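Here the structure is laid out as structure tokens; the discussion comes afterwards.
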Amino acid sequence: MNVISNKDKIKDFLILSLIETISDLFTINYNIEKTQIKNHLLNKLESLNILDIDINQENILEIKNNIFSIFTKELSQNLFRNNISFFDNFINHELLGSGAFSKVYKVYNPLDDNNYAIKKIGIKNNFYQSIFELRSLAKLNHKNIVRYYSSWLESVKINNAIKNCDSIIIEENNDTQLVKFNNNFNDINSFSSDNSEYDENDYDKFVFIQMELCKQNLKEYLNENKLSNYKKQIICKQIINGLKYIHKNEIIHRDLKLTNIFIDYNNNVKIGDFGLAKNIYDLNYDEVGTFSYIAPEILAGNNYDFKADLYSIGIIILEVFSEFTTEMQKIVTINDIKNGKKKFDSNDLNNLLSKLINNDPNKRVLPVKIDLISDY
């Protein structure tokens, strides 16, 4: 049947389709016989002489199915998503960066007239790690940690929505896919759990994390600004203060590096990207992180704790006070520090680095008072 071929009858087809749907609803909700409801409504229409077609000659169920097919075809998946996606309430989406399972966007909220960063994480069997990331951010409230605002779940398929984040099982698989370090020395800063790039089209479920928007990461900030030793010390103090707070809340970051430290629009330093973070009591000792920042005990496949973050912080402080032109130069300097060589004029800085960049985690310690340049 071509429902729309005769425009004069289309209203009758729509009415009949509506009657079929109403009959279904009454049957489901009130346990009334469907035929009884439908016949009653049709008799009423006939008595009012509303319909121009002979209802006895028409297959109402077929009419309803045809009309429903037309509507669902016209209302594309994208149109549905535009109507139900909270993410699309934000405008001016600008891609800031992409990781193994996620993308980060700069967005604008016209309601409160503010810009935000939103991390959109594709969900398969990495659901629980993503939930821990957002719960870690929500729990942490410190001036040197990227501020958390909100989070939510969305599904591309309307009939495949995520209903309960505490009981959900994604693909019946609880094994979390974490971003493992890449042991390829030709690309020592790269890390990935596989060789494929993240493509949002491969996912139908997403976790969204709304955070404060920062100006740039620390690597970019150091490259673009000539900083005094005093300003470098302030940066390191803020990073250490943020890390102390994270550890106080029993969380290990596990991926501290220059590009995961951020500078806000007031030039405050903020630790961000908790995508590999773990609770100290829930560690499975994955070999994760970015190669040149990873503590030796992780590389060796041994158990580890908070001290693994201290090693990463030591590498970051070294990079703040140094200007490496090659990765090999950085590796040589790290080995020199491990061998007891003093690389800076400041004894305070040398002592701090020797305590942090140490193969023995038991010898790593953060200072109570941070004074890196008192003897410069």
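Kindly list, by first and then second residue, each pair from a residue in segment 35-53 that is within 13 Å of Asp12 (Cα to Cα) to a residue that is surrounded by fewer than 11 Cβ atoms within 10 Å (Cβ to Cβ) and modelled with pLDDT under 85, limited to pairs with Cβ atoms under 8 Å and residues at least 6 apart or on different chains.
From segment 35-53, the pairs are Asp52/Asp8.
Considering only segment 94-103, I want to know if a residue exists there that is polar (S, T, N, Q), crowded, with 18+ Cβ neighbours inside 10 Å, at pLDDT 65 or above and under 30 Å from Phe262 (Cβ atoms).
Scanning segment 94-103 turns up at least one residue that is polar (S, T, N, Q), crowded, with 18+ Cβ neighbours inside 10 Å, at pLDDT 65 or above and under 30 Å from Phe262 (Cβ atoms).
In this structure, does Lys226 turn out to be outside any helix (DSSP H, G or I) and closer than 21 Å to Glu319 by Cα?
Yes; evaluated as a whole, the condition is true for this residue.
If you take the residues of segment 306-344 that are without any contact (Cβ under 8 Å) to a residue 12 or more places away in the chain and assigned to a helix (DSSP H, G or I), which of them is nearest to Pro296 (Cα to Cα)?
Asn335
Would you confirm whether or not segment 280-291 contains a residue that is small (Gly, Ala, Ser) and surrounded by fewer than 23 Cβ atoms within 10 Å (Cβ to Cβ)?
Within segment 280-291 (the criterion being small (Gly, Ala, Ser) and surrounded by fewer than 23 Cβ atoms within 10 Å (Cβ to Cβ)), the answer is no, since none of the residues qualifies.
For the structure I just gave you, tell me whether Asp255 is touching a Gly at 6+ places or on another chain (Cβ under 6 Å) and either of a type outside the set (Ser, Thr, Tyr) or without any contact (Cβ under 8 Å) to a residue 24 or more places away in the chain (or both).
yes
Looking at this structure, is Ile67 within 30 Å of Gln210 (Cβ to Cβ) and modelled with pLDDT under 70?
The answer is no for Ile67.
Look at Ile316 and say whether it is under 16 Å from Leu352 (Cα atoms), out of contact with any His (no Cβ under 9 Å at 6 or more places or on another chain) and buried (at least 18 other Cβ atoms within 10 Å of the Cβ).
Criteria met by Ile316.
Conditions tested, residue by residue: (1) of a type in the set (Asp, Glu); (2) within 20 Å of Val288 (Cα to Cα); (3) modelled with pLDDT under 95.
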| site | (1), (2), (3) |
| --- | --- |
| Ala300 | no, yes, yes |
| Asn303 | no, yes, yes |
| Ile313 | no, yes, no |
| Val320 | no, no, no |
| Gly340 | no, no, yes |
| Ser346 | no, no, yes |
| Leu352 | no, no, yes |
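Checking Tyr128 against (1) part of a strand (DSSP E or B); (2) at pLDDT below 95; (3) of a type outside the set (A, V, I, L, M), which test does it fail?
It is condition (1) that Tyr128 fails.
The values are calculated or read from the model by the stated rules, or taken from the named source; none is laboratory data. Computed from a predicted structure; not experimentally measured. Positions of Cβ are generated from backbone atoms using ideal geometry, with glycine treated the same way; all protein chains shown enter the neighbour counts.
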